[in-house]
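First the structure, in the form of structure tokens, and then the observations on it.
The values are calculated or read from the model by the stated rules, or taken from the named source; none is laboratory data. Keep in mind that this is a model prediction, so the values were computed, not measured. In this analysis, Cβ positions are derived from the backbone assuming ideal geometry, glycine residues included, and neighbour counts consider all displayed protein chains. These accessible areas exclude ligands, DNA and RNA; they are computed on the full protein's heavy atoms, side chains included. Shrake-Rupley method; radii C 1.70, N 1.55, O 1.52, S 1.80 Å.
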Amino acid sequence: MRNLPCVWVRFRTLTLGLAPRLRLFSTDATGGGSVAVKQVTRSNFDAALEGLRACVEESDFVAVDLEMTGVTSAPWRESFEFDRSDVRYLKLKDSAEKFAVLQFGVCPFRWEPSKGSFFAHPHNFYIFPRKELPLHGPSDDFLWQTTSIDFLANYQFDFNACIYEGISYLSREQEGEALKGLSSAYLEGLANSFCNFEEPVEIPIARTSDILFSERMKNKLREWHDSIFRSPDKGYIDKEDAGSNNSQFQTVFFKMRPAIMLNGFTSHQLKLIQLVVKKHFNDLMYVRVVDEDNSWQRRVVYVDTNEDKTLLMKDVLEDLRKNAEKRIKSAVGFRHVVDLLESAGKLIIGHNCLLDLAHIYNKFFGPLPSSLTEFAQAVHEKFPHIVDTKHLLNSNQAIQFLMKKNSKSLSSAFSLLCPNVSSNFQTASKSYLRFEVQTDETSSSCFNSGTKHEAGYDAFMTGCVFAQACSLMGVKFDVGSPSCDLARNAKINKYINVLYPSWSSGTVVHLDTGTEYLDPNYKRRYLPVNFANTTLIWGFPAKLKPQDLKECISKVFGLDSVRSVFFIDRTSALIQFSKEEFVQKFLALKNSLEDNHDLVSVLHPLSKLLEGGNTRAADYDTYRDICAGSASKVLFADQADSLGITWKTKVCAGMQDTDDVCGRETAEDGGPLAKHSSGKKNDCKRQSKHQSSYEEIIGSLFASKTLLGRAT
Amino acid sequence: MAASGGRQRLADAVKQVTNSNFADALKQLRAHVDQADFVAVSCRKTGDCASASSRHPWRRVLPIDTPEIAYLKAKFAAESYEILQFAVCPFSLKGSKVIAFPFNFNLFPRDRLNLGMPSYSFSCQTSFLTSMVHEGFDFNACIYDGISYSSRVQESMDKERNCSPHIQTPHSSSTTSVVDSIFKSRTKSRIELWLSASKNSNSKTDGDLLMSLRKFILGTELYGTRPSMRIDVCSDRQVQLVLQTVSRISDHIVPLLIPDKSGQPRAVHVVLTSSEEDKSILMSEIQNLEDEHNLKVRGFREVIDVISSSNKPIIGYNCLHDFTFIHSKFVGPLPLTFSEFMCSLRLVFTNILDINHLSKEIGALRKAKSLSSALSYLKRQFSVPIDIELPAEDEDCTTKAHGHNVLQITHLFAILRTLLKLFPNGIAKEQYIETIEDYLNILYPSHTRIQESDEEDLSFIMENGRAISTNDLIFLWGYGHLTAKELKHSLQEAHDVFKEDFELQFMDKSCAVILFYRAGSAQVLLELMASRMFYSDGLSKMKSEGLKAAGYQCYKKVCRLGLWDTNLSDSLENVMSDPANGISTFSEKDASEVRWTSEYAIDLSDL
């Protein structure tokens, strides 16, 4: 028993620290400095956008940072050392799709040769996925992770500013859809339902109250209609007559035609009026238009002839289109900033920014591609030059030496590399760059001094760290244009488009090629995992410990058969065997044990694992498939259930031989096929499982009742 | 009369409770609940299945849903969304007067221990947050100062893990091995050595160095002011051995079990007390600590426990939705079926009165889609003088008031009580429950809207659909991009079974539901769709182009398995493709009656 393969147990607290956005608070770092960060909400967005445009145009690089509502949607979605590259991307994708971005920090930096310092313009945008258009826009649901919210609250995040005043947005794809919708069917639909061209409504008038109302409206409309004819000038309305009309019948002009505004009716009454107009008045039209403050206005308009009718229709439609276009444009909202960053083509700086980029792509361009390669290429196309300061700090020898063993968190790097900015530490030393934050004094009210973990201030820190690191690497800013073109500077070239992976695989992502490489600067924390040798089991009793699992499998396959056991959560695990064939053997054995209920299977060493009758097993690809599922149950086993997995063991086609030996029917088309146990049995198993959980609930109810009795 | 203009005044009287004043409010509430005849409750959530989820509109509770399916949909919502506010209003009736004490608790599920409790993450609907913005909701107050909670099941799990020091009683001893007796005798000698050392060290002449050395070597520490020693253990077995040993040495030693974060025993602290009284003081100190810890763990759930243990009738609106939330947040995970849910719920709340159900007694109210429209209708139609007496306003309460819903429920109940003559004069309080027994514990699945509008006029709302059998419903998908009209038309062309009249509605972008007027047509269609014969009719052509059909049972199965995260067509496909259930072609024997109405039809132009 001496050469035991090590058994890895996962400690929740440990992995949580690895979560990319939850940078741990380090005590050596100072809080916010006194840097004026411009706060942008929807009230000052348009002006701020113009100001930012000018700053970005003349900047040398732009730093960005995001704050979101969470990082992982379920505990098992945290990144593990047992995740293959595709699984890691699926987890990243899930995070970017489920959580919302609350703050977007943008900070352009410009080198000012005359002063020998950088000018920075930190902006902090509050954004919120409000639905500005009825049909298109950000999805209605998003997720909050309670620990992330608590974390933001610890740094005095202003949730009210975000939800009340946050800027909304449309992704490029959503905008495209909205505009496409405008062109054809949508407007025709509008025309049909809002003008009395075709069958507008079909409601049976059954109630006496409806009939009375319709009759009354008919008379009123007739009266008004006739009053137009009575007077020589069609626009002239008899004052007395107008006065006698009640407030619901205001005569106005609509596109040079006499009209009445329909105010104060319920939607049902409006339908009735529409019906009356259509039935009884050939030269009146019921139209619905949008007024200045974006609310619907219903009018009944007088039209001379049929041509006039068509003309009015066209006019109304044109108005509707213009209005809809205007609304779409304003709904694009914050995406204008992202468009600006893309079109300016400046060097983009982020700290640990892979997740940020996934959010940016998903929120402002379109749905995330299905593979890391496609994603990297898509991002590279939009932003050709990106530097991740986290990677820069980790892989540059000089900076490594300077930072020694210090934490590579943004704030500690900032206080170490830029002490003159972070703590107003006065120094004559030339080695520190100087940064000046510029404010436009006209609107000082929307500035506040930045605090840590506010996106705008984080972006500022990221930019400062980058500039200082460049200077340490010997980049000269003031010799003139050639070296100032940072994106093509030879000294930093090898750091461009290489992202810190934010997971423990020891690899980096190269955006330009879309591939992952092992990077010598990162120590692998774990031995490489052979995924083909790995099997997934879930739904086993929660009381089993990794050591128990290992023991009971080793009893069957031999002492050295299990290389490692990794617990995803308390009822699911990945087991790495020493040989690939063990995976299939294990699955086949489990399958046959479950079909035979004789004494042998009860006494079998594996029965400990199968206790409860809900233990499922499959290959590593199933782990990927379950991670790809869109639900986010807290327990991994529940997640598998939510995908509708009803089989208990997935036996692959490659195992046909063993299958036959066991007397099983074989896979049909040669591809991997799930082995289904009969439905009835399955159902009753499910039933019994939940029966017991239900009893547990009741049991605990009584337990707490007695507790309660004692407390009171 | 509490006129609608008085809503602000009414709402001002609602006591707003956050973390900072929770302890006081709980005390007050307990007293008021004790005095009250009834308790009205209502909660404010971050989302609901009733509202328009634009991606998956079929998740809404629809009129064609059986109560079972309505429950499953409510369950899904309760598991995804959070409660942000919980309003409670204990009230009593005195003639036409209502004496009410409304409270509004701000909640936030704080994961203090990083355990994913009470919730790891939760969903939010932007439309809900936006409508909260219109009411001036203070999100900062809610997140910074909201009260956390844990459910009963979570609490008992926490108990099991038991991370705080506690006292454990020793089991009667079992057989001891040699290893055990060695461990015991070593522990015994350590404790005796420590006992004699601590008796002798009264002189207090030891230097600091000696003290820290002793602490290091012997593991002696102070527990409060009492001397104690730490004995490291690594299993429950060893804990038992230590406990046995201690009990044999002295009565004045109290062993305290110190677990690590995962609840495994890590060490036993043996604390020395000077006398019997001192020991009981220590024991009560430990008990107090435990109670304090429990209170912190339960948090807001204390309020639920107060209501639950009072056994007062609970009045709610839209109870199916509210109580699935309450059960999943404060009691435990929701059971898989409606009947089990009701069973479990009754263990906690014996008498629930759904005001939707009570309102059915008044014909017109059946159609009311919101609390305020029901209330304003009653106020207009009947003049029932109701005088709501509220506690004096809180002077220092500056936050914007919320939770007036619970007052509306109270008000509505008071009116209904008078109209329906629920409690005849002279009836004793104790008989209240008896008289309303027929209405109790019937949760009425309703299809409410989130946006409440006061202007809604009940007299214009259509009847609530007609009763139909679930056997006559067929779900269709794979027809491409057709409008309802086009689809209906092409179906009529396709086969004789569609020659009879039928109705069609969309469930979402991908799937439509058909109602056949003639019994048996649905069965014919399903058999046609299942047969592999190819005819030259239009239906076979549509089949070859991908048209699929499923009966109501498949829909039920989709809901039971909880395949909510896709289009309905994908979920149905998933269920159908599972050979384990050959149900697609057979109609159910236990068909249920549901309702069909065009009013709740999903408008695809909304999507």
TODO: Search the range A:340-351 for residues that are touching a residue at least 24 places away in the same chain (Cβ under 8 Å) and pair each with any residue that is outside any helix (DSSP H, G or I) and surrounded by fewer than 21 Cβ atoms within 10 Å (Cβ to Cβ) when their beta-carbon atoms are under 7 Å apart and the residues are at least 6 apart or on different chains.
DONE: A:GLY345/A:PRO384; A:LEU347/A:HIS385; A:ILE348/A:HIS385
Open item on the list: Kindly evaluate B:PRO63 against the criterion of being assigned to a loop (DSSP other than H, G, I, E, B), open to solvent by 10 Å² or more (accessible area, probe 1.4 Å) and closer than 30 Å to B:ASP291 by Cβ.
Closed with: no
- [ ] Mind counting the residues in the range B:75-112 that are farther than 30 Å from B:ASP34 by Cα and in contact (Cβ under 8 Å) with a residue 24 or more places away in the chain?
- [x] 7
Task: Criterion violated by A:ILE228 - all others in (1) at pLDDT 80 or above; (2) assigned to a helix (DSSP H, G or I); (3) farther than 30 Å from B:SER373 by Cβ satisfied - done: (1)
Task: Residue list for the range B:312-341, restricted to those being aliphatic (A, V, I, L, M), under 15 Å from the mean Cα position of the chain (by Cα) and outside any loop (DSSP other than H, G, I, E, B) - done: B:LEU320, B:ILE326, B:VAL331
TODO: State the number of residues belonging to the range A:614-628 that are open to solvent by 10 Å² or more (accessible area, probe 1.4 Å) and either closer than 20 Å to A:GLY70 by Cβ or of a type in the set (Asp, Glu) (or both).
DONE: 4
Task: the range B:225-258, residues that are closer than 24 Å to B:LYS159 by Cα and either assigned to a loop (DSSP other than H, G, I, E, B) or at pLDDT below 75 (or both) - done: B:VAL233, B:CYS234, B:SER235
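Please verify whether A:VAL316 is more than 30 Å from A:LYS91 (Cα to Cα), open to solvent by less than 10 Å² (accessible area, probe 1.4 Å) and assigned to a helix (DSSP H, G or I), treating the condition exactly as stated.
yes
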Open item on the list: I'm trying to understand the selection: among the residues of the range B:342-359, which are closer than 25 Å to B:VAL153 by Cα and either in a helix (DSSP H, G or I) or within 14 Å of chain A (Cβ to nearest Cβ) (or both)?
Closed with: B:MET342, B:CYS343, B:SER344, B:LEU345, B:ARG346, B:LEU347, B:VAL348, B:PHE349, B:THR350
Task: Scan of the range A:594-632 for residues that are hydroxyl-bearing (Ser, Thr, Tyr) and within 14 Å of chain B (Cβ to nearest Cβ), ordered by number - done: A:SER630, A:SER632
Task: Identity of the residue in the range A:93-149, more than 10 Å from chain B (Cβ to nearest Cβ), under 30 Å from B:PHE76 (Cβ atoms) and open to solvent by less than 30 Å² (accessible area, probe 1.4 Å), that ends up modelled with the lowest pLDDT - done: A:LEU133
- [ ] Working carefully through the options B:SER262, B:SER309, find the one that is surrounded by fewer than 21 Cβ atoms within 10 Å (Cβ to Cβ), hydroxyl-bearing (Ser, Thr, Tyr) and either at pLDDT 90 or above or not in a loop (DSSP other than H, G, I, E, B) (or both).
- [x] B:SER309
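Could you tell me which residue of the range A:633-643 is nearest to A:PRO541 (Cα to Cα), considering only residues that are touching a residue at least 60 places away in the same chain (Cβ under 8 Å) and more than 7 Å from every other protein chain (Cβ to nearest Cβ)? Explain how you work it out, then say what you get.
Residues of the range A:633-643 that are touching a residue at least 60 places away in the same chain (Cβ under 8 Å), as a first pass: A:633-637, A:639-640.
Subsequent filtering for residues that are more than 7 Å from every other protein chain (Cβ to nearest Cβ) retains A:633, A:635-637, A:639-640.
Details: A:LYS633: 18, A:LEU635: 13, A:PHE636: 13, A:ALA637: 11, A:GLN639: 16, A:ALA640: 16 Å.
Checking each candidate, the answer is A:ALA637.
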Open item on the list: Quick check on the range B:130-148. Is at least one of its residues at pLDDT 85 or above, open to solvent by 50 Å² or more (accessible area, probe 1.4 Å) and aromatic (Phe, Trp, Tyr)?
Closed with: yes
Open item on the list: Against the definition (assigned to a helix (DSSP H, G or I) and modelled with pLDDT of 75 or more), how does B:LEU365 come out, yes or no?
Closed with: no
Open item on the list: under 29 Å from A:LYS346 (Cα atoms) and either surrounded by fewer than 23 Cβ atoms within 10 Å (Cβ to Cβ) or away from every other protein chain (no Cβ under 14 Å) (or both): is that true of A:SER59 in this structure?
Closed with: yes
Open item on the list: Tell me whether the range A:481-489 contains one or more residues that are at pLDDT below 75 and open to solvent by less than 10 Å² (accessible area, probe 1.4 Å).
Closed with: yes
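In the set B:ASN288, B:ASN294, which member is modelled with pLDDT under 80 and within 14 Å of another protein chain (Cβ to nearest Cβ)?
B:ASN294
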Task: Scope the range B:13-47; condition open to solvent by 10 Å² or more (accessible area, probe 1.4 Å) and aromatic (Phe, Trp, Tyr); matching residues - done: B:PHE22
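Would you tally the residues in the range A:253-272 being aliphatic (A, V, I, L, M) and buried (at least 18 other Cβ atoms within 10 Å of the Cβ)?
Of the residues in the range A:253-272, 4 are aliphatic (A, V, I, L, M) and buried (at least 18 other Cβ atoms within 10 Å of the Cβ).
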